[in-house]
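Nothing in this text is a laboratory measurement; each read-out follows from the coordinates by a stated rule. Since this is a predicted model, take the numbers as computed values, not measurements. In this analysis, Cβ positions are derived from the backbone assuming ideal geometry, glycine residues included, and neighbour counts consider all displayed protein chains.
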Amino acid sequence: MPVRRVGLLKALLYGLLALVFVVLIGARFGWLSGRPPSDLGVTQGYLKPPSLTRNSVSSQAGLYPDHPQRAHALIPPLPLKHGDATASLRTLATVLQMQPGMTLVKQRPDYLYAQAQTRWLRFVDDLEFWFNPARGVIEVRSASRLGREDAGLNRRRLEYIRAAYLRQ
């Protein structure tokens, strides 16, 4: 291999290593966590709609028939345990607090808001759970703050939470 090509490969390798270093340092300082949305919560019986990109799931996605990510975002709500919303949300809060990287930010008798942070890059996802008295279920929503695709992480996380909640 010519000396010039070896020098170019070394420069590219050092540049790539420097970029990885900057990203990891930036992640540690929270540069990849994003900002919490200002419109979370329940408004007139609805959680925030799913994201316009493939990085969220919602049990209320079916309420938006023209939404471009409706089919991708749709996930079943959580059933009540023993028909009691307050006890069910307390159980769910316990499950959330046992999850690594999860912080329970807001807890009301009918609503929970949590933030999940990934271990290495510290990306943050927002999770909401609301007891819908009209349907008798706990509506769920989980969305990444940054990016256009989450590789199914929000769905997998909610299904893991569902399984742990149902075991309690």
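Basic side chains Lys and Arg get +1 at the Cβ, acidic Asp and Glu get -1 at the Cβ, and with that the dipole of the chain about its Cα centre reaches some 680 debye. Sort the chain into rounded, prolate or oblate with this rule: let a ≥ b ≥ c be the square roots of the eigenvalues of the Cα gyration tensor; rounded if a/c is under 1.5, and if a/c is not under 1.5, prolate when a/b is larger than b/c, oblate otherwise. The shape class here is prolate. Rounded to the nearest 10 degrees, the angle from helix 85-97 to the longest Cα principal axis of the chain is 20 degrees. Listed values for the stretch 7-13 are Karplus-derived 3J(HN,Hα) couplings in whole Hz (6.51 cos²θ - 1.76 cosθ + 1.60, θ = phi - 60°), namely x, 5, 5, 4, 4, 5, 5, and x replaces Gly and Pro. Only helical runs count toward this figure. For the chain, summing -39,500 (n - 2.57) over DSSP H runs of n ≥ 4 and dividing by all residues gives -11000 deg cm²/dmol at 222 nm.
Scan the stretch 101-168 for chymotrypsin sites (Phe, Trp or Tyr not before Pro) in coil per DSSP, keeping those whose Cβ has at most 13 other Cβ atoms within 10 Å, and list them by number. Listed in order of number, the matching sites are Trp120.
Between rounded, prolate and oblate, where does the stretch 38-123 land on the alpha carbon gyration tensor, with a ≥ b ≥ c its root eigenvalues, rounded for a/c under 1.5, else prolate if a/b exceeds b/c?
oblate
Mind checking the angle between helix 153-167 and the chain's longest principal axis? C-alpha axes, 0 to 90 degrees, to the nearest 10. Orientation of helix 153-167: about 40 degrees from the principal axis.
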